[in-house]
1. If you go through the stretch 281-294 one residue at a time, how many are in contact (Cβ under 8 Å) with a residue 40 or more places away in the chain and out of contact with any Leu (no Cβ under 7 Å at 6 or more places or on another chain)?
2. Here are some residues: GLY28, GLY65, GLY61. Which one is over 21 Å from the mean Cα position of the chain (by Cα) and without any contact (Cβ under 8 Å) to a residue 60 or more places away in the chain?
3. Quick one: which strands (runs of 3 or more DSSP E) lie wholly within the stretch 27-82 and hold at least 2 residues that are surrounded by 17 or more Cβ atoms within 10 Å (Cβ to Cβ) and hydroxyl-bearing (Ser, Thr, Tyr)?
4. Going by the structure shown, is ALA250 over 14 Å from the mean Cα position of the chain (by Cα) and either exposed (fewer than 10 other Cβ atoms within 10 Å of the Cβ) or at pLDDT 90 or above (or both)?
5. Taking the stretch 152-170 as the search range and keeping residues that are surrounded by fewer than 18 Cβ atoms within 10 Å (Cβ to Cβ) and hydrophobic (A, V, I, L, M, F, W, C), which one is modelled with the lowest pLDDT?
6. Which residue, of THR303, THR233, THR282, THR329, is among the polar types (S, T, N, Q) and at pLDDT below 80?
7. Based on this model, can you work out whether GLN178 counts as at pLDDT below 85, of a type in the set (S, T, N, Q), out of contact with any Phe, Trp or Tyr (no Cβ under 9 Å at 6 or more places or on another chain) and farther than 30 Å from GLU270 by Cβ?
Amino acid sequence: MFLPGTDPSQEPGAAVLIPTRFVWPYGGRRAYVTGTFTRWSEPVPMSPVEGCPNVFQAICGVAPGLHQYKFYIDGEWRHDEHQPCVTGNYGIVNTLLLTRDPDPIPPILSPGRPGNITTMEVDSEAFRHVEAPSRISEADVEISRHHISVFLSTHTSYELLPESGKVIALDVNLPVKQAFHILYEQGIPVAPLWDSFKGQFVGVLSPTDFILILRELGNHGSNLTQEELETHTVSAWKEGKQLLFGQVDAQGRPFQRPLVHAGPYDSLKELAIKILQNDVATVPIIHSSSQDGSFPQLLHLATLSGILKCKYLQTFQILLWFFTHSTTTNMHNPFGYMGS
């Protein structure tokens, strides 16, 4: 039992603190997190994630073991229903299990200057002595796979949403030529297709469609002409493409393939699996407040590169915490001790 105001990480024989990222992805104006790792007395302020204003995060030093935590959002105690939780002395709280100390984090090298430390100074001589490993062991690969799997499983598609931007959808009844002109003028490569009759998104218009149309125009045996592109709708092109590639049922009708999409609270792992298993480059993130999926809202277009960028930003933030957070700062507690 540590006295108030002491730093457990400085006690003899204390466990090394693991930089741990806490995330509140459900919006708000002011967000804090607290738990057993702060003795429920020092709420830690959370900051909006760059590009995701509704997602708050905080990186805290947490000792290995089983912890409970809870969020304080706009004056109200909350827990994340999508994360493991139990009922304890403070109501419903989330749980976190850290099983071991972190692996040493190697220093960042400056590009073009092998062996040199970056402009971020590190006092420890252990970090100044850098030796490149001769090879990557299978154990290192497995550890990296595990870390990536944990990250993808514990983060949601909602975290991919940028702070600002535009998402454009095209009506399936637009002429093909006009649709591609819109993509070009807006500077976007892909757009989901909206069917106003069905009241749902039914597909995606991509560069692959543009390439196939160019190939058909160059094919002397094709029935598609430049003039037809002025009136040929996107819907008609999609059906024609299915007939062209033999994607038809027993009656010779085009298959009605459902749109591959994801929800904002699907994990990044589920999202990545959908992209890989369906062999697509883009998956729309669609949200509907109704159970039957009516009145869908298009939030974002997710890609594998976007998922990797999200992982890169999170890794960089942990590295930044590791280099700059050398001691635990005793923070003023505006709420007092948390009551039951």
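1. Here the count works out to 3.
2. GLY65
3. Values: elements: 31-35, 47-49, 52-62, 65-73, 76-78.
Counting at least 2 such residues, we get 31-35, 65-73.
4. Working: over 14 Å from the mean Cα position of the chain (by Cα): yes; either exposed (fewer than 10 other Cβ atoms within 10 Å of the Cβ) or at pLDDT 90 or above (or both): yes.
Spelling it out, ALA250 is indeed over 14 Å from the mean Cα position of the chain (by Cα) and either exposed (fewer than 10 other Cβ atoms within 10 Å of the Cβ) or at pLDDT 90 or above (or both).
5. Residue satisfying both the conditions and the ranking: VAL167.
6. After applying the criteria, what remains is THR329.
7. Values: at pLDDT below 85: no; of a type in the set (S, T, N, Q): yes; out of contact with any Phe, Trp or Tyr (no Cβ under 9 Å at 6 or more places or on another chain): yes; farther than 30 Å from GLU270 by Cβ: yes.
Here the answer is no, as GLN178 does not meet what is asked.
One line per residue, one yes/no per condition, for (1) out of contact with any Phe, Trp or Tyr (no Cβ under 8 Å at 6 or more places or on another chain); (2) assigned by TED's automatic domain parsing to the domain that holds ASP266; (3) at pLDDT 90 or above; (4) within 20 Å of TYR158 (Cβ to Cβ):
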position	(1), (2), (3), (4)
THR34	no, no, yes, no
GLU42	yes, no, no, no
HIS67	no, no, yes, no
GLY88	yes, no, no, no
ILE105	no, no, no, no
SER110	yes, no, no, no
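The values are calculated or read from the model by the stated rules, or taken from the named source; none is laboratory data. It should be emphasised that the depicted structure is a prediction, and the values quoted were computed from it without experimental measurement. Please note: Cβ atoms are built from the backbone with ideal geometry, for glycine as well, and neighbour counts cover all protein chains shown.
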